[in-house]
1. Just wondering, is there one or more residues in the range 369-384 that are surrounded by fewer than 14 Cβ atoms within 10 Å (Cβ to Cβ) and modelled with pLDDT under 85?
2. In the range 392-448, what residues are under 15 Å from Leu463 (Cβ atoms) and of a type in the set (Ser, Thr, Tyr)?
3. Which pairs do you get when a residue that is under 13 Å from Glu306 (Cα atoms), found in the range 257-272, comes within reach of a residue that is of a type in the set (Asp, Glu) and modelled with pLDDT under 85, reach meaning Cβ atoms under 9 angstrom, with the pair 6+ apart or on two chains?
4. Would you be able to say whether some residue in the range 129-148 is more than 30 Å from Ser77 (Cα to Cα), of a type in the set (Phe, Trp, Tyr) and assigned to a helix (DSSP H, G or I)?
5. May I ask you to list the residues in the range 312-322 that are surrounded by 14 or more Cβ atoms within 10 Å (Cβ to Cβ) and farther than 15 Å from Glu260 by Cβ?
6. If I ask for residues that are of a type in the set (Gly, Ala, Ser) and part of a helix (DSSP H, G or I), which ones from the range 14-73 would you list?
7. Which condition from (1) in a helix (DSSP H, G or I); (2) within 19 Å of Leu318 (Cβ to Cβ); (3) among the hydroxyl-bearing types (Ser, Thr, Tyr); (4) more than 38 Å from the chain's Cα centre (by Cα) is the one that Ser274 breaks?
8. Specify which of the listed residues (Leu156, Leu116, Leu166) is hydrophobic (A, V, I, L, M, F, W, C) and either within 30 Å of His287 (Cβ to Cβ) or not assigned by TED's automatic domain parsing to the domain that holds Leu88 (or both).
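The values are calculated or read from the model by the stated rules, or taken from the named source; none is laboratory data. Note that the coordinates shown come from a computational prediction; the quantities given were computed from them, not determined experimentally. Cβ coordinates were reconstructed from backbone atoms using ideal geometry, including for glycine residues, and neighbour counts include every protein chain displayed.
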Amino acid sequence: MNKFMSSISRNKFLEMGRERGVLQQEIQVLWDEIGETEEDRERMMLEMEQECLEVYKRNVDKINRSRVEILQAIADSETEFEDICSALGEPNFRLKKTKQNASSLKEVLKESFEQLDVMQKVKSDRLNQFLEIIDQIRRILIEIGQTKFNPSLISLNEFDLSVRKLEELQRKLHLLESEKTDRLNLVIDHLSTLKSLCLVLGLNYEKMVYEIHPTLKEAEDKKSITDDAIEKLGSAIESLRNVKLERMQQLQDLATTMLELWHLMDTPIEEQQSFRRVTCNIAASEHEITEPNALSIDFINHVALEVSRLEGIKASKLKELILKKMASLDELRRGAHLVAASDNNTQSTIEAIDTGAVDPSIVLDQIESEICNAKDEVFSRKEILEKVEKWIAACEEESWLEEYNRDENRYSAGKGAHLALRRAEKARATVNKIPGMVETLIAKTVMWEKDREKEFTYDSSGLLSMMESYMNARQEKEQEKKRQREQRRLQSQQTADQPSPLKPQNMKKLTKSSSSGRKPNTPISTPRSTSFSRKCDEEKGMDGMSVGRKPFVALVSEDNWPATPTKMAAVEVEESGVPGTMQMADQNVQEVEYSFEERRAGFVLSSAHMNCVQK
């Protein structure tokens, strides 16, 4: 209170106190005159005091309302200040610092208003920056025609005016500016490419650009860089490139045909010079053809007209070339033992060419394709055909050997007999390999047919069927030979079992030899046997010579033994007292085949010796 009073003029308060005392005295005098009682006086004094309190209360309420208004103003300024700071992304510590340092609410309110004015100016400047950047973004988006795709880029949020947001918008602006530059460069590149394509194809560049977009003929800063313009430019370039590729292919095909015709008809170099420009680009790529009108319609028609003229000239020579190719194809097929085309097919093809029913070039291409396929098949059949040739050669040797074995005079000491014997030995060695050849050939053929999924033919016959027929015939032949050998063996055995008329004399001589303890004279001789002689004996049926006798016992001469060697050997065995079981064992001994030289020398191994060898 003292502090409050010190702020008011003391004199004025003293004067007011004196006036109050005078008024109270005057009231007391009036009450005395009226004669008021003490109770009334106290009541009226209380009423006056109450009225004074009411006045104080009203004033206090008014002051409180003023204080509340100041506080509300401070709070509002603080709220707005905080909102601005929040929108700008700035800290609000300055306002808090002001509240701490201020001595009264009015000072706080004043400082708050001052800081709020500063922040409002900062916000206004920041907002102008945002609006300027957003305006630039809008203009660029309108230029590139992408406003509908980026609506968030052109909206302004007043509650987010931070530096981070501003920098983000600036980055987006820079990206859009970069995109604008890239689009402009792309448009310029497209226009340059379009111009070069029109130049090569012989088209009107200005007219085509105007049809795509009229602004593309203006200056760089006025050219349209929208997606639609760029897309139309790209489509036009792609379309012209396809046209260029088609014309290139057409021109290169014409150039290839022209070179073939030149080569076919031996066209002079002087006539070729006018079209060297065409033939030089026969293997050129797209970007290598840049000459003006190099692919124009007029130039291509000019080349096509020349090719038509040359094709008219070559018609007479093409038939001859087709005949040569067909002959080459037939020769290739015959060499591979494939079915060759008949003369009727060749004649019908030539007639179709003459009548114009077929294109000679198509026929030639078909023949070339057939030659390639035939070469591929010949290569795949090469290994099998080599084995077939070896098998056929072996079969020929087998046939020759059969004829040789049927010759009764093959062992005669005639001129060249030793050469025939030598060839027979080689033929037998070759014939022995035939089963292995056939087995390998069948395996290779089955594998080939499995890979190719078709039958392997040899001169229009299935190779596997040929192999099967050959093996069946060979088995039948072997069975027939076996049957004949068995028949001859039985005949020889029956002949050996017949008694000899000289048996008593032979027994007498054998008895003398055994009683004297002397062995019969045994010439020292080494029997010889070859595979060639064995084969000959099997074919000729000389199995009867395999009757058992003593080892290395020479057949006696005609002076002492007038009987045949086979029969006398059998009689000697009987007279020497050999047990019957031994004779039965000798009969079961496997047949021994002797060469012609052994039989001529008279050396035959006995059955006992063969038993010893087998044991």
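1. no
2. Selection gives Thr440, Thr445.
3. So the pair list comes out as Thr257/Glu311; Leu261/Glu311; Trp262/Glu271.
4. no
5. Lys319, the sole residue that qualifies.
6. Gly17, Gly21, Ser66, Ala73
7. In the conditions (1) in a helix (DSSP H, G or I); (2) within 19 Å of Leu318 (Cβ to Cβ); (3) among the hydroxyl-bearing types (Ser, Thr, Tyr); (4) more than 38 Å from the chain's Cα centre (by Cα), Ser274 misses (2) alone.
8. Going through Leu156, Leu116, Leu166 in turn, the sole match is Leu166.
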